[in-house]
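K.L.:
Structure incoming, see below.
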Amino acid sequence: MKSKIKNLKTKVKYLIQTYNNDVKKLKGMAVKDIADNLDYSIKWSRAVKNDLAKGIKYLSGALPLLFIGPFVINSAFKNENHPLYPYILALGILFALAAMFLIFKGITTMVKSMFDGDRQG
């Protein structure tokens, strides 16, 4: 476990150092010249790209639920005397919980794809 943490720290330091070097080098440069001067030593494997895409899909699935959940909950509280009140409220809470789960799953998938060093792709 300690070797994984050490490996992760080394990777993060390298990424930060490469990013900072690029920022210093590209400061004040024209936008059209940036692509020619970037450091391409950081490679993205196919597995990392696929996992990032999967994480983005989870997050994009959560986006409408972030709006639908509170809207349905609000509608339920406005109609407390209606016989379907508890069911509508439960549905709204279910939408909100689903949004939270998809956000968690999306962020977890994206972070694992970037920092999981054991995968080959």
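K.L.:
Sorted from fewest to most neighbouring beta carbons within 10 Å, what does the list V72, V12, V23 look like?
P.N.:
On the way: V72 19, V12 12, V23 9.
Placing the least packed residue first, the sequence is V23, V12, V72.
K.L.:
List the extent of the Cα atoms of the chain along each of their three principal axes, largest first, rounded to whole Å.
P.N.:
Over the chain, Cα extents along the principal axes are 64, 43, 23 Å.
K.L.:
Treat the count of other C-beta atoms within 10 Å as a stand-in for reagent exposure and order M100, M110 from fewest to most. Don't skip to the end; give the middle numbers.
P.N.:
Details: M100 14, M110 19.
Least crowded to most crowded, the residues run M100, M110.
K.L.:
Follow-up. When all C-alpha to C-alpha distances in the stretch 1-42 are sorted into bins of 5 Å, what percent of pairs does each bin hold, rounded to whole numbers?
P.N.:
5, 22, 22, 17, 13, 8, 7, 5, 2
K.L.:
Lys and Arg at +1, Asp and Glu at -1: add these up for the other residues within a Cβ distance under 14 Å of S60 and post the number. Walk me through the numbers on the way to the answer.
P.N.:
Values: positive: K54, K57, K105; negative: none.
So the surrounding residues net to +3.
K.L.:
Under a crude label model (7 Å from the Cα following the beta-carbon direction), how far is L97 from A47 in nanometres?
P.N.:
The answer from the label model is 3.4 nm.
K.L.:
Further question: According to a simple spin-label model (label point 7 Å from Cα along Cα-to-Cβ), what is the distance in nm between L59 and D33?
P.N.:
3.2 nm
K.L.:
How high is the relative contact order of the chain, in percent, counting Cα pairs under 8 Å that sit 6 or more residues apart?
P.N.:
With pairs under 8 Å counted, the relative contact order is 32 percent.
K.L.:
Still on this structure: Tell me the angle of helix 85-115 to the major Cα principal axis of the chain, expressed in degrees between 0 and 90 and rounded to the nearest ten.
P.N.:
With rounding to tens, the tilt is 10 degrees.
K.L.:
Moving on to the next point. Give me the one-decimal nm value for the distance between modelled label points at S75 and V23, 7 Å along each residue's Cα-to-Cβ direction.
P.N.:
The modelled label-to-label distance comes out at 4.5 nm.
Values in this text are rule-based calculations from the coordinates and carry no lab data. Please read all numbers here as calculations on a predicted model, not as lab measurements. Ideal geometry is used to build each Cβ from the backbone, glycine not excepted, and the neighbour counts take in all protein chains shown.
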